[in-house]
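See below for the structure under consideration.
The values are calculated or read from the model by the stated rules, or taken from the named source; none is laboratory data. All figures in this text were calculated on a predicted structure; none of them were measured in a lab. Every residue, glycine among them, receives a Cβ derived from its backbone with ideal geometry; neighbour counts consider all protein chains shown. Ligands, DNA and RNA are excluded from the accessible area calculation, which covers all protein heavy atoms including side chains. Shrake-Rupley method; radii C 1.70, N 1.55, O 1.52, S 1.80 Å.
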Amino acid sequence: MSEWPVLKALPSYGRGRDAAGGRFASLIFGTNLTDVVVTGANGTIDGQGAFWWQNFHKGKLKYTRPYLIEFMYSDNIQISNLTLLNSPSWNVHPVYSRIEDSYIVSGDDCIAVKSGWDEYGISFGMPTKQLVIRRLTCISPYSAAIALGSEMSGGIEDVRAEDITAIHTESGVRIKTARGRGGFVKDIYVKGMTLHTMKWVFWMTGNYKAHADSHYDPNALPVIQGINYRDIMADNVSMAARLEGIEGDPFTQICISNVTIGMAAKAKKVPWTCTDVEGISSGVSPRPCDQLPDQGPEKITACDFPAEPLSIDRVVLKSCTYRMKYT
């Protein structure tokens, strides 16, 4: 542990995620870089993370655990043809990126999109935006295929996810926030999901209460709006959706269309629960809650997915695949 350099906490977080101090540098780390390729001809990086996880669970760490790969404030980063195993914490921590052709087995969210924690993220004010996620296969029994938040105080905007497969995963897409976060999650577009054996297909919560410290502003309310899901097939599902906004600060402009959810034999009797949310639906089975009224079959393509490509789509990469696993 003494051989790992210690860095200051991310300015948008104000402290480490594991401890109040700074954080250990990642195994492969860079900042303010351009045109970097990390590739391995199908090689493996084994983080030997058991040591770190044991110390984390015993509360013996003064600083946040390192990641395997982290690039900050960098452009045109390619990580390809690698298997990443047993990370001390997160496997890959990129900023402003496209994520494609990934096979991830995880004890946490397969992909977690973040942008800062409470007052620190609000002050730093750097949103995560124009993120593309394509051709993801995820196995995560205790969490989500794609999570937005809960540290989203700098804002999350224009995330486009398509061709997603999740197996034995807690939820397909999960939005996490709380009073005191501030910031926003808006203009989220998801289409083409195939889900097998899920606890939830959709999960949104405004009651994710973990805070950086006691100095957050409880009146800093997040804005959650413009959430679009379409063209989704799921089977063996315990509950279709759990959508919980914030009283006095509802999640709005939710659109869900062309979704078929096959319920498990021991599924919940009420497949949808919705509070403090507003939106529409079309061609969704089982029938959504009343807060998402059905617009009829003619609106089955109502949920938006932008046709105009993002600038990252114009970057031509060679093979761009990697596999990640940690336990």
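Below, the figures for the structure above:
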{"quantity": "Candidate set from the range 56-80 (those that are assigned to a strand (DSSP E or B) and open to solvent by less than 10 Å² (accessible area, probe 1.4 Å)); member that is farthest from VAL105 (Cα to Cα)", "calculated": "THR64"}
{"quantity": "Selected residue [buried (at least 17 other Cβ atoms within 10 Å of the Cβ), among the aromatic types (Phe, Trp, Tyr) and either outside the structural domain of GLY116 (by the TED database) or touching a helix residue (DSSP H, G or I) at 6+ places or on another chain (Cβ under 8 Å) (or both)] from TRP53, TRP4", "calculated": "TRP53"}
{"quantity": "Subset of the range 98-148 [touching a Gly at 6+ places or on another chain (Cβ under 7 Å), of a type in the set (A, V, I, L, M) and open to solvent by 40 Å² or more (accessible area, probe 1.4 Å)]", "calculated": "ILE122, MET126"}
{"quantity": "Residues (aromatic (Phe, Trp, Tyr) and either outside the structural domain of ILE256 (by the TED database) or open to solvent by 60 Å² or more (accessible area, probe 1.4 Å) (or both)) located in the range 186-244", "calculated": "TYR208, TYR216"}
{"quantity": "Matching entry among ASP101, ASP109 (being in the same structural domain as PHE202 (by the TED database) and assigned to a loop (DSSP other than H, G, I, E, B))", "calculated": "ASP109"}
{"quantity": "Output for the range 254-266, where each listed residue is at pLDDT 95 or above and either open to solvent by less than 50 Å² (accessible area, probe 1.4 Å) or more than 20 Å from ALA144 (Cα to Cα) (or both)", "calculated": "ILE254, CYS255, ILE256, SER257, ASN258, VAL259, ILE261, GLY262, ALA264, ALA265"}
{"quantity": "Residue within the range 246-253 that is surrounded by 14 or more Cβ atoms within 10 Å (Cβ to Cβ), at pLDDT 95 or above and among the small types (Gly, Ala, Ser) present", "calculated": "no"}
{"quantity": "Selection from the range 249-269 of residues that are outside any strand (DSSP E or B) and in contact (Cβ under 8 Å) with a residue 12 or more places away in the chain", "calculated": "PRO250, ALA264, LYS266, ALA267, LYS268"}
{"quantity": "Qualifying position, being within 28 Å of ILE164 (Cα to Cα) and either touching a residue at least 40 places away in the same chain (Cβ under 8 Å) or among the small types (Gly, Ala, Ser) (or both), among SER2, SER74, SER12", "calculated": "SER74"}
{"quantity": "Complete set of residues in the range 8-27 that are open to solvent by less than 50 Å² (accessible area, probe 1.4 Å) and among the hydrophobic types (A, V, I, L, M, F, W, C)", "calculated": "ALA9, LEU10, ALA19, PHE24, ALA25"}
{"quantity": "Residue pairs meeting the criteria (Cβ under 7 Å; at least 6 apart or on separate chains; first under 30 Å from LEU82 (Cα atoms) and outside any loop (DSSP other than H, G, I, E, B), in the range 291-319; second open to solvent by less than 80 Å² (accessible area, probe 1.4 Å) and modelled with pLDDT of 90 or more)", "calculated": "ILE312/VAL132; ASP313/VAL132"}
{"quantity": "Residue that is modelled with pLDDT of 95 or more and in contact with a strand residue (DSSP E or B) (Cβ under 6 Å, 6 or more places away or on another chain), where the choices are ILE164, ILE122", "calculated": "ILE164"}
{"quantity": "Contacts under 7 angstrom Cβ, first residue in the range 167-184 being closer than 12 Å to ALA234 by Cα, partner open to solvent by less than 30 Å² (accessible area, probe 1.4 Å) and of a type in the set (Phe, Trp, Tyr), 6 or more apart", "calculated": "SER171/TRP200; SER171/TRP203; GLY172/PHE202"}
{"quantity": "Number of positions in the range 171-192 that are more than 17 Å from TRP272 (Cβ to Cβ) and either modelled with pLDDT under 95 or assigned to a strand (DSSP E or B) (or both)", "calculated": "11"}
{"quantity": "Among the candidates GLU151, GLU162, GLU170, residue that is buried (at least 21 other Cβ atoms within 10 Å of the Cβ) and charged (D, E, K, R)", "calculated": "GLU151"}
{"quantity": "Answer from THR83, THR44 - the residue that is surrounded by fewer than 21 Cβ atoms within 10 Å (Cβ to Cβ), within 21 Å of the chain's Cα centre (by Cα), over 26 Å from ASP213 (Cα atoms) and outside the structural domain of ALA144 (by the TED database)", "calculated": "THR83"}
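Rundown of residues vs (1) in a strand (DSSP E or B); (2) within 23 Å of ASP18 (Cα to Cα); (3) in contact with a Leu (Cβ under 8 Å, 6 or more places away or on another chain), yes/no style:
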{"site": "ARG135", "(1), (2), (3)": "yes, no, no"}
{"site": "CYS138", "(1), (2), (3)": "yes, no, no"}
{"site": "PRO141", "(1), (2), (3)": "no, yes, no"}
{"site": "ALA145", "(1), (2), (3)": "yes, yes, yes"}
{"site": "SER150", "(1), (2), (3)": "no, yes, no"}
